[in-house]
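Taking it in order: structure first as structure tokens, then the write-up.
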Amino acid sequence: VWAQNVVTFTPGKDTVTINKHIYGHFAEHLGRCIYDGIYVGEENTTIPHTNGVRNDVIDALKNLNIPNLRWPGGCFADTYHWKDGIGPKGKRPSIVNTWWGGVTENNSFGTHDFLNMCELLGTEPYLAGNVGSGEVQELSDWVQYVNFGGKSPMSDLRRENGREKPWNVKFWGVGNEAWGCGGNMTPDYYADVYRKYATFMSDWTNTGGLFRIASGANGADYNWTETLMKKIPKNLVKGIALHHYAVIEWKKKGPSTMYTDEQYFKTMKSAWLMNELVEKHSAIMDKYDPAKEIALVVDEWGGWYEVEPGTNPGFLYQQNTMRDAMIAGMTLNIFNNHAERVRMANLAQTVNVLQAVILTEGNKMLLTPTYHVMEMYKVHQDATLIPIQLNSADFVFNGEKIPAVTASASIAKDGKTHISLVNIDPTKEQAITVDVADKKYKSINGRLLTSKKLRDFNSFDNPANIKPAVFNEAQIKNNQIALKLPPFSVVVLELN
Ligand code: AHR
């Protein structure tokens, strides 16, 4: 009997690694992401912490194996002067966070706080430099401050502030959204500015060069990518960014929990657009860089809705339902399948902002459905991609359609194969056959994420409402796996 959906392994000659950095995160000085989220300070708190960073958040992020963390923005990055955030906390100046709610930023979480936290988490920092309102010298100094082991004005200043060893930060963003909040630049102008900044961001580590990332296109702005690829010499750039949010309409984003069926479809359609964006931007990059030396870095992605009623509109605090689990599962499948070019990505954002993996309220903390998808998918990190072909049924709404099923597969270093499958159809179960070609498997087990209702979420009263469950429904016979994916569900299978 033919299933509606067929996944076929199509192993080729080339091996592609799913770079673990696809599973990166993003923490901006925005709303309650840093302050009253990740960071509760060292004084006046009863919440258990390490150097002011919540222990429960540290444990949860460690469990995700987060490979990198982008900071301090976002739009905030192009207003941020890093020297405001070093030295004795009592002496740091207070500034206004102009992009996000106009609140006072006292700079108590700065460079040392962030980089030490990354060490604690075992994650690689990704620093976004200020190009919009900063200076070349300022960014060049930041690189020297965090990366230089010898004697220099900036490394001496670092030592005065209590840190002997450099942190050796590899990932550097040269501005953010230069086409918008980062300076409203044209691509031609930004490409020239980029060349200048990148030139003076020296490699103080002498360990193979900084991984400089150019501020990338807004969604389908293909001219942006084309101009950057044409104008920036290869020795100055390792990654070109891309930002795309799953959003219904910027002026009418809809609620995060009580969305209509139509809003659900439109969100999924916008999330699915990522597939086309990645393919079209990659095709442009292929023209100038056929050897794929430059990575496509999707350093902002996720669902963006109206804020929770009664919260500060500038804080971008939203709940996270099974819709978000669908966005995460689908998007990560897209990235995995394009891993040759997409070698880094950052979900926006880590805690209490947009499609967060963690929400906090006072001393309470919860893991969102998105967290659970990232946790289930961590098996793909640095695994070898198994290319697949997929015939999917359609998810149809009002005559429009998008694929109901997405999938990706990989072989981990320990030899185990993992297949992640997502069914975004909110009402229909999907029968699936996976043809594993010449692979011989003896056993199969799986994990499932779904819920009773699509609009379910984890609340502070019921934080474990949605969590992964054991999935034993997949059968393997010869080289065929058969299973049924429940409506709005994510399944990750493990094959031995
Ligand atoms: O993630 C929120 C904001 O979205 C970021 O600050 C900005 O880069 C983007 O527009």
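The values are calculated or read from the model by the stated rules, or taken from the named source; none is laboratory data. Owing to the predicted nature of the structure, the values given are computational and were not obtained by experimental measurement. No Cβ is skipped: glycine too gets one built from the backbone with ideal geometry, and neighbour counts run over all protein chains shown.
Among residues belonging to the range 227-245 that are touching a strand residue (DSSP E or B) at 6+ places or on another chain (Cβ under 8 Å) and part of a helix (DSSP H, G or I), point out the one that is surrounded by the most Cβ atoms within 10 Å (Cβ to Cβ). Looking at the filtered set, the residue picked out is 228. The residues of the range 227-275 that are free of Cβ contacts under 8 Å to residues at least 24 places away in the same chain and charged (D, E, K, R), listed by number, are 249, 251, 252, 266. Can you pull out the residues in the range 144-176 that are in a loop (DSSP other than H, G, I, E, B), more than 16 Å from the ligand (Cβ to nearest atom) and either buried (at least 16 other Cβ atoms within 10 Å of the Cβ) or under 24 Å from the mean Cα position of the chain (by Cα) (or both)? Matches in the range 144-176: 148, 163, 166, 167, 168, 169, 170. Every listed requirement among (1) within 16 Å of the ligand (Cβ to nearest atom); (2) in a helix (DSSP H, G or I) is met by residue 198 save one, (1). For the range 86-135, residues that are of a type outside the set (D, E, K, R) and assigned to a helix (DSSP H, G or I) total 10.
Taking the condition touching a residue at least 40 places away in the same chain (Cβ under 8 Å), assigned to a loop (DSSP other than H, G, I, E, B) and under 26 Å from the mean Cα position of the chain (by Cα), does residue 224 pass? Judged against the criteria, residue 224 is not a match. Taking the criterion of being under 13 Å from the mean Cα position of the chain (by Cα) and either within 16 Å of the ligand (Cβ to nearest atom) or modelled with pLDDT under 95 (or both), the residues of the range 350-391 that qualify are 350, 351, 353, 354, 355, 356, 357, 370.
Within the range 232-258, track down each residue that is charged (D, E, K, R) and within 16 Å of the ligand (Cβ to nearest atom).
Result: 249, 251, 253.
Note on the range 11-55: among residues that are within 28 Å of residue 239 (Cβ to Cβ) and surrounded by fewer than 18 Cβ atoms within 10 Å (Cβ to Cβ), the one that is nearest to the ligand (Cβ to nearest atom) is 17. On the stretch given as the range 235-266, residues that are polar (S, T, N, Q) and under 21 Å from the mean Cα position of the chain (by Cα) total 1. For the criterion of being within 16 Å of the ligand (Cβ to nearest atom), touching a Gly at 6+ places or on another chain (Cβ under 9 Å) and not in a helix (DSSP H, G or I), residue 214 passes.
Working only within the range 297-306, note down all residues that are surrounded by fewer than 24 Cβ atoms within 10 Å (Cβ to Cβ) and either more than 12 Å from the ligand (Cβ to nearest atom) or outside the structural domain of residue 336 (by TED's automatic domain parsing) (or both).
At the first step, the residues of the range 297-306 found to be surrounded by fewer than 24 Cβ atoms within 10 Å (Cβ to Cβ) are 304, 306.
The answer is 306, and nothing else.
Which of the residues belonging to the range 101-125 are within 16 Å of the ligand (Cβ to nearest atom) and over 25 Å from the mean Cα position of the chain (by Cα)? 102, 103, listed by residue number. Which residue is farthest from residue 295 (Cα to Cα), if the candidates are limited to the range 177-188 and must be of a type outside the set (S, T, N, Q) and more than 16 Å from the ligand (Cβ to nearest atom)? This residue is 188.
For the range 267-292, filtered to residues that are under 14 Å from residue 219 (Cβ atoms) and small (Gly, Ala, Ser), the residue that is surrounded by the fewest Cβ atoms within 10 Å (Cβ to Cβ) is 270. Among the residues of the range 73-100, those that are among the β-branched types (Val, Ile, Thr) and away from the ligand (no atom under 11 Å from the Cβ) comprise 86, 95, 96, 98. Name the residues in the range 324-345 that are closer than 23 Å to residue 257 by Cα and within 16 Å of the ligand (Cβ to nearest atom), would you? Within the range 324-345, 324, 327, 328, 331 qualify.
Listed by first and then second residue, the pairs linking a residue in the range 45-72 that is touching a residue at least 24 places away in the same chain (Cβ under 8 Å) to a residue that is basic (Lys, Arg), with Cβ atoms under 8 Å apart and 6 or more places separating them unless they lie on different chains, are 47/54; 64/378; 65/20; 65/378; 67/20.
Return the residues of the range 360-401 that are in a strand (DSSP E or B) and in contact with a Phe, Trp or Tyr (Cβ under 8 Å, 6 or more places away or on another chain); say none if nothing qualifies. Within the range 360-401, 361, 364, 366, 386, 388, 395, 397, 400, 401 meet the criteria.
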